[in-house]
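Okay, handing you the structure first.
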Amino acid sequence: MTMGKFITLEGVEGVGKSTNILFISKHIQAAGIDIVQTREPGGTEIAEKIRDILLSHNEEKLCNDAELLLMFAARAQHINQVIRPALAAGKWVICDRFTDATYAYQGGGRDFPIQNIAWLEAFVQQSLQPDLTILLDLPVSIGLARAAKRSAPDRFETEQKTFFEKVRQVYLQRAADDSKRFNIIDASQSLADVQLDIADSLNKLVQQ
């Protein structure tokens with residue numbers, strides 16, 4: 001059986017990931033392809049419990065080391081229980097955030113040593129990498145203004161603008177370093193134009 005494709009969607013707060021991951025899923029399904037739509041951190045019962053720890057406001061401060069390790073603990077469970085089985089079954093996996101987010105948020109935002117993240121990535125993922133990463137990009141100030149109109153902010157969303165500027169820069173650098181895998185899409189466009197760009201990127205992958 002042919003292996004499925006692995007697509008990830010990335011970006012800072014307010015870029016429109018929730019809206020566009022639904023578009024991606026429907027677009028691929030329309031091509032007659034079976035999909036699994038999932039998210040990180042999360043995607044399984046245990047990983048969702050870890051997600052709650054990571055995003056919730058707690059009296060006890062979560063240290064950066066614990067945050068990083070919890071991200072990869074959730075990812076290990078997610079890969080084992082959802083991602084690898086779906087890909088092996090020939091399904092396409094569409095994931096809201098993956099390891100690029102860890103490099104951006106923990107590596108960029110938290111200034112965590114990149115070599116430590118890379119070691120955990122190799123340990124947990126082995127050779128697993130996305131076939132396509134769609135990076136929705138827009139200025140941080142616009143993204144935060146959009147995000148402020150949503151529900152109460154989670155633990156990450158309460159960070160300062162400088163945190164998200166560093167996150168964005170790491171995303172853009174990773175995209176520049178791996179242009180074959182990444183497709184950067186200007187999320188400041190109208191939703192219709194954003195989705196035209198996404199569809200073009202997806203059609204190229206479907207035709208491979």
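The values are calculated or read from the model by the stated rules, or taken from the named source; none is laboratory data. This is a predicted model, so every value here is computed, not measured. A quick note on method: Cβ atoms are made from the backbone with ideal geometry, for glycine too, and the neighbour counts reach across all protein chains shown.
Would you please name the residue that is surrounded by the most Cβ atoms within 10 Å (Cβ to Cβ), looking only at residues in the range 184-208 that are touching a residue at least 12 places away in the same chain (Cβ under 8 Å) and among the small types (Gly, Ala, Ser)?
ALA187
I'd like the residue in the range 157-172 that is in a loop (DSSP other than H, G, I, E, B) and surrounded by fewer than 15 Cβ atoms within 10 Å (Cβ to Cβ) and, out of all such residues, is nearest to the chain's Cα centre (by Cα).
Once the filter is applied, the top-ranked residue is THR158.
Taking only the range 39-81 into account, find how many residues are in contact with a His (Cβ under 7 Å, 6 or more places away or on another chain) and either of a type in the set (Lys, Arg) or in contact (Cβ under 8 Å) with a residue 40 or more places away in the chain (or both).
2
Taking interchain pairs and intrachain pairs at least six residues apart, which have beta carbon atoms under 6 angstrom, with the first residue in the range 1-19 and within 14 Å of GLN195 (Cβ to Cβ) and the second β-branched (Val, Ile, Thr)?
LEU9/ILE21; LEU9/ILE134
Mind listing whichever residues of the range 117-146 are surrounded by fewer than 18 Cβ atoms within 10 Å (Cβ to Cβ), in contact (Cβ under 8 Å) with a residue 60 or more places away in the chain and not polar (S, T, N, Q)?
If the condition is that a residue be surrounded by fewer than 18 Cβ atoms within 10 Å (Cβ to Cβ), in contact (Cβ under 8 Å) with a residue 60 or more places away in the chain and not polar (S, T, N, Q), then LEU128, ASP131, ILE142, ALA145, ARG146 are the ones that fit.
When you scan the range 59-96, how many residues do you find that are surrounded by fewer than 23 Cβ atoms within 10 Å (Cβ to Cβ), modelled with pLDDT of 95 or more and not in a helix (DSSP H, G or I)?
Residues meeting the conditions: 4.
Any residue at all in the range 90-104 that's within 27 Å of VAL36 (Cβ to Cβ), free of Cβ contacts under 8 Å to residues at least 24 places away in the same chain and of a type in the set (Lys, Arg)?
no
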